[in-house]
Amino acid sequence: MFSVVRGACLLLGVLTLLPVALQAAQPQALLASVNAQRLHSYQLQMQFHLLSLEDADPRVAAQMQAAAEQFAEQNEQLDELSAGLALDAEVLALQQQARDFQRWVLANEVLTQGWVSVNTLNAMSASGAALNLGYLNLLNKLRAQGSVDEPLLEQAILMQQIAAGYVRETSSLDGGGSIYDEARDLELPVDQLAQQFRQQLTLLQQQNAGVPDTAQRLQRVAMTWKYIEKTLLNYKEKAVPVTIVRNSAKIIDALLKPAASTAQL
């Protein structure tokens with residue numbers, strides 16, 4: 001990230017402005033990295049529970065392993081991105097929380113014994129909740145330094161959070177895991193998150209009505225959302241985890257990539 005900024009300054013011949021440019025870029029780069037981790041943390045929670053529902057499907061296991069590796073790589077970059085921002089303690093604590101969370105995700109015993117232990121389930125859920133609080137704490141400090149959230153990314157994170165919550169609930173209904181999940185009630189239920197997604201999507205569409213590319217992407221999101229919204233609002237009535245996983249991925253793809261890449265929606 002820094003080399004890109006440095007190179008751009010050299011090309012523009014504004015070497016004297018480099019320290020200012022770096023100072024402005026650092027908090028925003030760290031915020032973007034933290035938000036990318038938030039997205040992956042919910043993805044890992046979803047895959048953790050999906051692995052049980054899919055009877056240790058090797059494809060799900062491979063996806064979870066790949067996501068975990070990407071998550072770990074992002075986590076180890078945080079201290080470099082936070083250099084000079086007076087956030088060393090917060091970042092170090094967050095990195096350790098992320099390592100603990102990843103360790104419990106990968107401790108899923110479905111692959112070795114066919115079921116997840118109560119201890120692993122509860123520890124993964126609790127560490128995920130603690131990690132989310134750590135993310136929010138750091139994000140608030142970055143916002144206080146002037147960093148600005150990207151609304152489409154925030155919407156994508158919310159969609160991944162909803163998908164993770166839905167698969168967790170489906171897994172709980174299937175195996176009774178909710179009885180032991182002490183952190184289950186620390187987040188809003190799926191139906192309330194779905195209502196929040198609809199409200200924010202409507203607002204985003206209004207705000208971007210005059211931006212053709214973004215408006216097109218949001219229209220694609222709205223089309224896919226309409227297909228799964230009722231299921232999410234009534235999440236306790238019918239269990240269709242694969243449908244939710246597949247369509248939430250389409251929504252996230254549409255939110256994060258240019259419209260041309262989401263033509264399959």
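Residue-by-condition table, conditions (1) buried (at least 17 other Cβ atoms within 10 Å of the Cβ); (2) touching a strand residue (DSSP E or B) at 6+ places or on another chain (Cβ under 8 Å); (3) modelled with pLDDT of 95 or more; (4) in the same structural domain as Ala29 (by TED's automatic domain parsing):
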site	(1), (2), (3), (4)
Gln113	no, no, no, yes
Ser117	no, no, no, yes
Ser125	yes, no, no, yes
Leu131	yes, no, yes, yes
ask   = Residues of segment 212-240 being in contact with a Leu (Cβ under 7 Å, 6 or more places away or on another chain) and at pLDDT below 95, which ones?
value = Ala239
request  = Working only within segment 94-122, note down all residues that are within 19 Å of the chain's Cα centre (by Cα) and either farther than 14 Å from Asn35 by Cβ or free of Cβ contacts under 8 Å to residues at least 24 places away in the same chain (or both).
outcome  = Gln95, Gln96, Gln97, Arg99, Asp100, Phe101, Gln102, Arg103, Trp104, Val105, Leu106
Residues located in segment 143-163, provided they are at pLDDT below 95 and either crowded, with 18+ Cβ neighbours inside 10 Å or within 10 Å of the chain's Cα centre (by Cα) (or both) = Ser147
message = Any residue at all in segment 172-188 that's at pLDDT 90 or above, β-branched (Val, Ile, Thr) and surrounded by fewer than 16 Cβ atoms within 10 Å (Cβ to Cβ)?
response = no
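The values are calculated or read from the model by the stated rules, or taken from the named source; none is laboratory data. Please read these numbers as outputs of a predicted model, since none were measured by experiment. Glycine also receives a Cβ, built like all others from the backbone with ideal geometry; neighbour counts cover every protein chain displayed.
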